[in-house]
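Written out below as structure tokens is the structure these notes cover.
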Amino acid sequence: MTDIKTITQTILVVGGGISGITAAIEAAETGYDVVLIEKQPYLGGRVAQLHRYFPKLCPPHCGLEINFKRMKQNPHIKFFTMAEPIAISGEKGNWNVSVRLSPRFVNEKCTCCGKCSEVCSTQVSNKYNYNMDKVKAAYLPHEFAFPMRYVIDGSIIGTDEAAACKEACPYDAINIDDKETIFHINAGAIIWAAGWTPYDAEKIEYYGFGIYKNVITNVMMERLASLDGPTNGKIIRPSDGREAKKIAFIQCAGSRDENHLPYCSGICCLASMKQARYTTEQYPDSTATIFYIDIRATDRLENFYAETEKDKRTTFIKSKIAFAVEDKDNGDILLEGENTMTGEQIRERFDMVILAAGITPNIPTIDEFNIKTDENGFYINDDETDGFFGAGCVRRPTEVSASVQDGTAAALKAIQAISRRG
């Protein structure tokens, strides 16, 4: 068991996505010690999985790289990947947190030479690409991963294959005897920035996700368009690899629905508009149809909607699609519904359908720590637990720039909370 000796003015940040990274950097750059923990083997969260941001449609990795550089240069930040809290106790200004550190089986000597992967034959589902492809059981999480270090999947530990990986490494970077450990942090404030999980689209049975191969979700579409994605950026159908030139986007897939998520997730409309542009840019003769209930594009983002609407290859139809059916002969998806503006029945065939699934917050489920949430499960910052603050999508559905602002706000609140007790 390993202890991290800290004082009560240390700030713990749970979650290494954009809001957590921002909170950690902002607090550390004011001189406070920060410990950042992230359950994935890399930092960056779901932003790292994006192809582009809206509205400028620039890649996310340049912005993340700047933040990673700031982290590396700041002696006040310690970070741990493959780490998550398992117990929280204490009181305002004096929180005791137990953290489980899962084995990576690869240490800091790793140079990403790839020799371990070369001798590895077992393949596992690629979580980074939402299981749309597979990777070797000795793998780099993605090409811009931070930390830039390989991972050995636990499924091969104890086998000859794991031994071969260790033997192949010229830098003694593989420790196949690595074990799960628990360490403890004493923190004056905790920022919960654990991010979000896409709504389980399989629960929306009438759209056939999980049954029809050419029905995917918006987060999967993001990886499909990415150069380091499962198809090297080619937007093709999962069923047969054919170019997907006629694509439908179904908005509010499970959102604003009392049977699923009663709230609007805020970013889905803009994400679909962005992804429609991915398609029309890649295939000039393609078309995109966005079926929506209402378009949510406020403030400066309204211009993004106006620009997208001008493109004659993109059509907006106000409709709540009733159901989807697969043509078993060719994998096409037939959508049926009603155009609520004209009253006309919709019955149209598409190469591929993208479900704009909503956001669900990753809230602590630790029994000993009962936090407050609103009626939709989002974290409520509460004076009774002063020194414990939510940031980013655990508080409300929001886009990247607003998550950055929220991370900064959480850092300020954490600093204020521990300064009052310093």
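No lab work stands behind these numbers, since they all come straight from the coordinates. Fair warning: this is a prediction, and the values are worked out from it, not measured in the lab. Virtual Cβ from ideal backbone geometry, glycine too; neighbours counted across all protein chains shown.
Details
- Karplus-derived 3J(HN,Hα) values for segment 345-361, using 6.51 cos²θ - 1.76 cosθ + 1.60 with θ = phi - 60°, are 6, 9, 8, 9, 9, 9, 5, 8, 10, 10, 8, 7, 6, x, 9, 10, x Hz; glycine and proline are entered as x.
- Cysteines in the chain lacking any other cysteine Cβ under 4.7 Å from their own Cβ: 58, 62, 110, 112, 113, 120, 169, 252, 264, 268, 269, 393.
- 5 angstrom amide H check on residue 79, placed H, neighbours 5+ away: 36
- Here each label is just a point 7 Å from Cα along the line to Cβ, and for residue 259 and residue 69 those points are 5.1 nm apart.
- The chain: relative contact order in percent, alpha carbon pairs under 8 Å with at least 6 residues between: 20
- Note on residue 180 and residue 401: with the Förster distance fixed at 22 Å, the Cβ-Cβ geometry gives a FRET efficiency of about 0.05.
- Here the spin labels are modelled as points 7 Å beyond Cα on the Cα-Cβ line, and at residue 167 and residue 281 they lie 4.7 nm apart.
- Using Cβ point charges alone (K and R +1, D and E -1), the dipole size of the chain about the Cα centre works out to roughly 900 debye.
- Taking the Cα centre of segment 115-168 as origin and assigning +1 to Lys and Arg Cβ atoms and -1 to Asp and Glu Cβ atoms, the resulting dipole is close to 140 debye.
- For the chain, the longest principal axis of the alpha carbon atoms and the long axis of helix 268-282 meet at an angle near 70°.
- Anisotropy class of the chain from Cα gyration tensor, a/c 1.5 cut: oblate
- Cα gyration tensor, segment 200-358 - rounded (a/c under 1.5), prolate or oblate: rounded
- By DSSP, the beta bridges lying fully in segment 1-131 are antiparallel in about 45 percent of cases.
- Rounded, prolate or oblate (a/c below 1.5 giving rounded, otherwise prolate when a/b exceeds b/c) for segment 115-168 by Cα gyration tensor: oblate
- With a simple spin-label model that places each label point 7 Å from the Cα along the Cα-to-Cβ direction, the separation between residue 419 and residue 132 comes to 4.5 nm.
- Karplus (6.51, -1.76, 1.60) ³J(HN,Hα), θ = phi - 60°, over segment 239-255, in Hz, Gly and Pro reported as x: 6, 9, x, 6, 4, 8, 9, 10, 10, 10, 10, 9, 7, 6, 6, x, 8
- For residue 413, the lysines whose Cα comes closer than 19 Å to its Cα, not counting residues fewer than 8 places off in the same chain, are 92, 372.
- Sequence-distant residues sharing a close amide H with residue 43 (under 5 Å, placed H): 146
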